[in-house]
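Remarks on the structure that follows.
The values are calculated or read from the model by the stated rules, or taken from the named source; none is laboratory data. Quick caveat: nothing in here was measured; it's all calculated off a predicted structure. Here the Cβ is made from the backbone with ideal geometry for all residues, glycine too, and neighbour counts use every protein chain on show.
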Amino acid sequence: MPSDPIISLRGVTKIYGSGPTAFQALKGIDLDIAQGDFVAVMGPSGSGKSTTMNILGCLDVPSGGEFLFKGRHVETLDRDQRALLRRRYLGFVFQGFNLLSRTTALENVELPLLYRGEDKKARYDSGMAALDKVGLKDWWDHTPAELSGGQQQRVAIARAIVTQPDVLLADEPTGNLDSERSIEIMELLTDLNRNSGITVLMVTHEPDMAAYARTIVHFKDGHVERIEEGVSA
Amino acid sequence: MLGTTVILAFRAINRHKLRSFLTTLGIIIGVAAVVTMVTLGNGATAAVREQISSLGANVLQLRPGQGFGRGGGGPRPPDFKQADLAVIENQLTGVRAVAPMVQSSGTAIYEGSNWSTTVYGTTAAYFEVQSWKADTGRLFMPEEEEAGKPVCIIGNTVRTNLFQGNDPVGKRMRIKGVSCQVIGALATRGQGGFGDQDDVVVMPIKFVQRRFTGDRDISQIMVAVDDAYDTSTVQASLEELMRERRKVKPGAEDNFNVFDTKQISDTLTGTTTILTQIVAAVAAISLLVGGIGIMNIMLVSVTERTREIGIRLAIGAVAREVLMQFLVEAIVLSCLGGLIGLLLALIASIAIAPLMQVPFIFDVKVNAIAFLFSAAIGVVFGYFPARRAAALNPIDALRHE
């Protein structure tokens, strides 16, 4: 069950642009995410949920406030340090899958391990294990073009978990999939959360998908509007 | 880190074969065109130089009248006499050899073959002036010259056309209806400044005067200047001597001319230098066009690659690693293209040079410059768009359409 917060946001703001055209996307976010939690982030477009996810994923930096990841201040890190943080602790799943084209499922999955400098044998073993976990072991030598959308997203999930990250960030992971594939993906995420202890943060605008989460954070106008806890137990 | 990026670079090249091929194609064409053109241009220049040097170095040609074929109105200036030759030989310092010459054209016949050619009447000194040696047989004996015997020495073109592969020495052929004995055949000289120098039959001047020209005049005197003397000094002395001999009044124009073969060589060398420069300019343009081709392919693939960069950054690659991969890719493709281009240029030059009758000259400098220039274009245009993409926020790079 949820214990210490792995992520803490304190008064986080984000302003795009400057001067009269400046737009304040985040107006002071306070949020704690417990280790092992499954959090769905909801809200209308422009509510700040994607901006928050980008900051939580260390892809973007806050304009103000504090962002603690495992007790470390991320807002003070530079580009490369944040890249190393992503490499070590985070996994990403995108709405558009974002696999490398003309590259086999296994090579896509192995990619993060390559950047970690792991050797060929270790890459192969971990890559195949991750593909096995998402049920695509037999499809390892297929390129994205030869896989269905659901399969591509599962390869993307395998790529995200192959490094055994602490946190998996999923940005509308079912946005491009039909309901049947969406359910498969959600069950896979739930399984990873429960059985592998990965903290899952997911942006979605579908209540059906959010229902798989344990906690739902509602965003509105750059604020956290409300937090529902214990949605699914 | 370098190992990883090299693996990634080769994977990317292998996966996008068409893109890789098109990128290298630009470089291949650029390099091949430049190197081939400059190589052939250099060959042509060398061929012209070769022809110039075959005219004989430090040779003064003394002819009646002013310049080539400028007869104009008035009486034709007189030809030279035997006495003029003797005076030049005896009074002019710095002379290595002096040869008189008369010319006539006619048909040479041997058995069934006949060949239209030029007959030179001269002495053995002619071969010394021209630094020309017999390939087989011998040159004139003094008594043959003195008596004007019907003997001839043939150039290689005449030999090929009349005797095919057979040894002509000792054979009797007919020239302008007169029988003569072939005593020697000359070494090949090739194309000269004034056509095929090997298309010639050389006979003793006295024979040619007696049987063909019908007088004892000498139409041209060739003077080889000793290497130890300055050609222009000897030329000035020769002009002074001839004005005196031909009784040209002070202030009047010469009724003869002395032509320094070095003048032709200087003129022709200047011309070929300009030609080479034009070729180099054309080559530079094709290199530039090739470069623009490379830029195009590189820029077109930026959209696709920007997303790729976004993916790599998101899953934890440091910008430096992504850039290193692109740099390695660009270097590999550019160098590969450059090497293929050099190879093609080598093959093309070796194939085309004989057709153009120019020597093949491998110029390391040209090869190196073309290679480095195109490789630099490939690397720069492969690297800089990637650098811009890697500077983007990973999220923006991912959204790039």
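Candidates are the residues of the stretch B:259-312 that are part of a helix (DSSP H, G or I), among the hydroxyl-bearing types (Ser, Thr, Tyr) and within 14 Å of chain A (Cβ to nearest Cβ); the one that is surrounded by the fewest Cβ atoms within 10 Å (Cβ to Cβ) is B:Thr303. Set side by side, the residues A:Ala170, A:Ala156 differ, and just one is in a helix (DSSP H, G or I) and of a type in the set (Gly, Ala, Ser), which is A:Ala156. Among the numbered conditions (1) more than 16 Å from B:Ala187 (Cα to Cα); (2) surrounded by fewer than 22 Cβ atoms within 10 Å (Cβ to Cβ), the only one that B:Glu128 does not meet is (1). The condition (being free of Cβ contacts under 8 Å to residues at least 40 places away in the same chain and within 8 Å of chain B (Cβ to nearest Cβ)) is satisfied by just one residue among A:Arg86, A:Arg72, A:Arg116, A:Arg102: A:Arg86.
Scanning the stretch B:181-197 for residues that are touching a helix residue (DSSP H, G or I) at 6+ places or on another chain (Cβ under 6 Å) and either at pLDDT 95 or above or within 16 Å of B:Gly137 (Cα to Cα) (or both) yields B:Ala185, B:Thr188. Of all residue pairs spaced 6 or more apart or on separate chains, those with beta-carbon atoms under 9 Å, a first member in the stretch A:46-59 that is basic (Lys, Arg) and a second member that is crowded, with 21+ Cβ neighbours inside 10 Å are A:Lys49/A:Val41; A:Lys49/A:Met42; A:Lys49/A:Gly43; A:Lys49/A:Val203; A:Lys49/A:Val217; A:Lys49/A:Phe219. Restricting attention to the stretch B:386-401, the residues that are more than 10 Å from chain A (Cβ to nearest Cβ) and surrounded by fewer than 20 Cβ atoms within 10 Å (Cβ to Cβ) total 5.
Only residues that are facing another protein chain (nearest Cβ under 10 Å), in contact (Cβ under 8 Å) with a residue 12 or more places away in the chain and crowded, with 24+ Cβ neighbours inside 10 Å were counted in the stretch B:313-329, giving 3.
The requirement of being free of Cβ contacts under 8 Å to residues at least 40 places away in the same chain and either within 30 Å of B:Gly190 (Cα to Cα) or among the aliphatic types (A, V, I, L, M) (or both) is fulfilled nowhere in the stretch B:382-394; no residue meets it. Any chance the stretch B:80-94 includes a residue that's surrounded by 17 or more Cβ atoms within 10 Å (Cβ to Cβ) and either under 24 Å from B:Gln51 (Cβ atoms) or free of Cβ contacts under 8 Å to residues at least 24 places away in the same chain (or both)? No, the stretch B:80-94 has no match at all. Please state which of the following conditions B:Gly270 fails to meet, knowing it meets all the rest: (1) in contact with a strand residue (DSSP E or B) (Cβ under 7 Å, 6 or more places away or on another chain); (2) without any contact (Cβ under 8 Å) to a residue 40 or more places away in the chain. Result: B:Gly270 fails condition (1) only. Note on the stretch A:45-56: residues that are more than 12 Å from chain B (Cβ to nearest Cβ) and modelled with pLDDT under 90 amount to 2.
Looking at the stretch B:46-129, none of the strands (runs of 3 or more DSSP E) lying wholly inside it contains 3 or more residues that are at pLDDT below 80 and more than 29 Å from B:Met356 (Cα to Cα).
Here's a check for you: in the stretch B:21-45, which residue that is over 20 Å from B:Ile292 (Cβ atoms) and not aliphatic (A, V, I, L, M) is modelled with the lowest pLDDT? For the stretch B:21-45, the residue satisfying everything is B:Thr45. Got at least one residue in the stretch A:95-109 being surrounded by 15 or more Cβ atoms within 10 Å (Cβ to Cβ) and acidic (Asp, Glu)? Scanning the stretch A:95-109, I find at least one residue that is surrounded by 15 or more Cβ atoms within 10 Å (Cβ to Cβ) and acidic (Asp, Glu), so the answer is yes.
Apart from one condition, B:Ile347 fits all of (1) more than 28 Å from A:Pro144 (Cα to Cα); (2) modelled with pLDDT under 85; the exception is (2). For the stretch B:207-234, a residue qualifies if it is over 36 Å from the mean Cα position of the chain (by Cα) and farther than 17 Å from B:Thr118 by Cα, and the qualifying residues are B:Asp215, B:Arg216, B:Asp217. Taking A:Leu59, is it away from chain B (no Cβ under 14 Å), aliphatic (A, V, I, L, M) and either in contact with a strand residue (DSSP E or B) (Cβ under 7 Å, 6 or more places away or on another chain) or not in a strand (DSSP E or B) (or both)? In short, no.
Quick one: is B:Pro354 at pLDDT 85 or above and in a loop (DSSP other than H, G, I, E, B)? For B:Pro354, the condition - at pLDDT 85 or above and in a loop (DSSP other than H, G, I, E, B) - is not met. Taking the stretch A:178-210 as the range and being over 19 Å from A:Met53 (Cβ atoms) and in a loop (DSSP other than H, G, I, E, B) as the test, the residues that pass are A:Asp178, A:Ser196, A:Gly197.
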